[in-house]
Each structure stands twice: as structure tokens, then as C-alpha cells.
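Structure first, then comments.
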């Protein structure tokens, strides 16, 4: 397999178009986000998801974070109980904060799970691509299971070049911290993983808006 490479800083529109094509063809690519580089694919294409799982050598039962471009897209898939929860989510996004949310019944059956982890990233390329495909985008760290995430395009190329359809990279400085992950699917706000955004900052907004 020939892995194509695109500098999103110099070829932004071409990069978005190429990623869109790969997305709909069921391919897998690496791309920058507002946290670290991620593997990307269509979350509803089972072959693409299996391919990422195989590349990462990861347990098939584990889910992946999905990126969306706005709350309207997220509300197609999730079932929120209170308007105040929507207000809370809008107060923390776009940002490197991932939120586990309950799925609507029809999507729970399709994805074979009850919850999904969503995030609206603060990253121009991600938002443009998601708007173009009009669907969520898989985002998961670029590494083999149990290993440290790779956040350098050259190292990504060395490790995964024969397993990807494309690598989209930026020469701009990449953040080296993952997103903060919280769970809003239960009866209270729960911290799963602290990342770039401090949990205290998130919790204060939750307490103010949701109670």
C-alpha cells in the first residue's frame, strides 16, 4: 500500500478533499487534532474500525472517541436528559474535553453499545473535514496497544506508513497532552482521565449549569 502524505498547512483544501474521499471509501488515515495525532476513519464502517483495531493491536471490545463539529451533529446520536446538560456541553466545547454520553436506542443497536465518547475539537482541519463528511470522525491515539502515543509525523511515517491510506500532518507545534475524559452518562459528572483541561474547571461549570 502506498501511503499518501499531505501537509495541511500548505495544502489545506486538497487535504480536506483527500481525507473526505478516504473516509467514504472506508480507509484509515492519521491526522492532527487539538491534542495529539489520531487515527481517523468512518465510525459506521465496520471494516475501517476493524482495520484501526488491527493496526493498534487493540481489544475489539474497546470503543473509540468520535469527533463532531457542533451540538446539532451530536444530538443526532445521543439522548440527553436535561436542557442544562446541553448548556453545559456548549460551555466546554470546542475544547480538548471528551464526554461519554448515552446513545439513542437506534444508534445503540447500530454501534452495539449504550454510550459513546464525543468531543468537538478546537482545530480548523478537523472541523472542516467533519463538516464536509457531515458525520462524526473516529479519533484514537496513534500507537500500538500499551505503547506511548506517537505525536511526531516523521515517527508516524516510520511506524505505520505501510498500514495507512494517508498521513495528514502539520509543521506547527503539536500539543502532547490527550483530552480530558468525563462521563455524563450516569447520575453525576465523573472524571475518567485528566488531560489538557483541568477537571476542576470543568466541574465548576457543571455545578453552575446543571447542579
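The values are calculated or read from the model by the stated rules, or taken from the named source; none is laboratory data. Fair warning: this is a prediction, and the values are worked out from it, not measured in the lab. Note that we place each Cβ from the backbone using ideal geometry, even for glycine, and neighbour counts take in every protein chain shown.
Close Cβ contacts (under 6 Å, 6 or more residues apart or on different chains) running from residues in the range 41-53 that are within 19 Å of residue 160 (Cβ to Cβ) to residues that are assigned to a helix (DSSP H, G or I) comprise 41/48; 41/52; 42/23; 42/48. All conditions but one from (1) under 24 Å from residue 98 (Cβ atoms); (2) part of a loop (DSSP other than H, G, I, E, B) apply to residue 19; the one that does not is (2). Keeping to the range 23-45, report how many residues are in a helix (DSSP H, G or I) and surrounded by fewer than 21 Cβ atoms within 10 Å (Cβ to Cβ). Residues meeting the conditions: 1. Applying the selection to the range 174-211, what residues are in contact with a strand residue (DSSP E or B) (Cβ under 8 Å, 6 or more places away or on another chain), in contact (Cβ under 8 Å) with a residue 60 or more places away in the chain and part of a helix (DSSP H, G or I)? Within the range 174-211, just 202 meets the criteria.
Only one of 183, 134 is modelled with pLDDT of 95 or more and at positive phi. Can you tell me which?
Step by step, each of 183, 134 is checked, and only 134 is modelled with pLDDT of 95 or more and at positive phi.
In the set (1) surrounded by 14 or more Cβ atoms within 10 Å (Cβ to Cβ); (2) assigned to a loop (DSSP other than H, G, I, E, B); (3) within 15 Å of the chain's Cα centre (by Cα), residue 52 fails one condition alone, (2). Candidates 2, 10: the one that is modelled with pLDDT of 95 or more, out of contact with any helix residue (DSSP H, G or I) (no Cβ under 9 Å at 6 or more places or on another chain), within 18 Å of residue 153 (Cβ to Cβ) and assigned to a loop (DSSP other than H, G, I, E, B) is 10. Residue 60 fulfils the conditions (1) outside any helix (DSSP H, G or I); (2) touching a residue at least 60 places away in the same chain (Cβ under 8 Å); (3) touching a helix residue (DSSP H, G or I) at 6+ places or on another chain (Cβ under 7 Å); (4) farther than 26 Å from residue 172 by Cβ except for a single criterion, (2).
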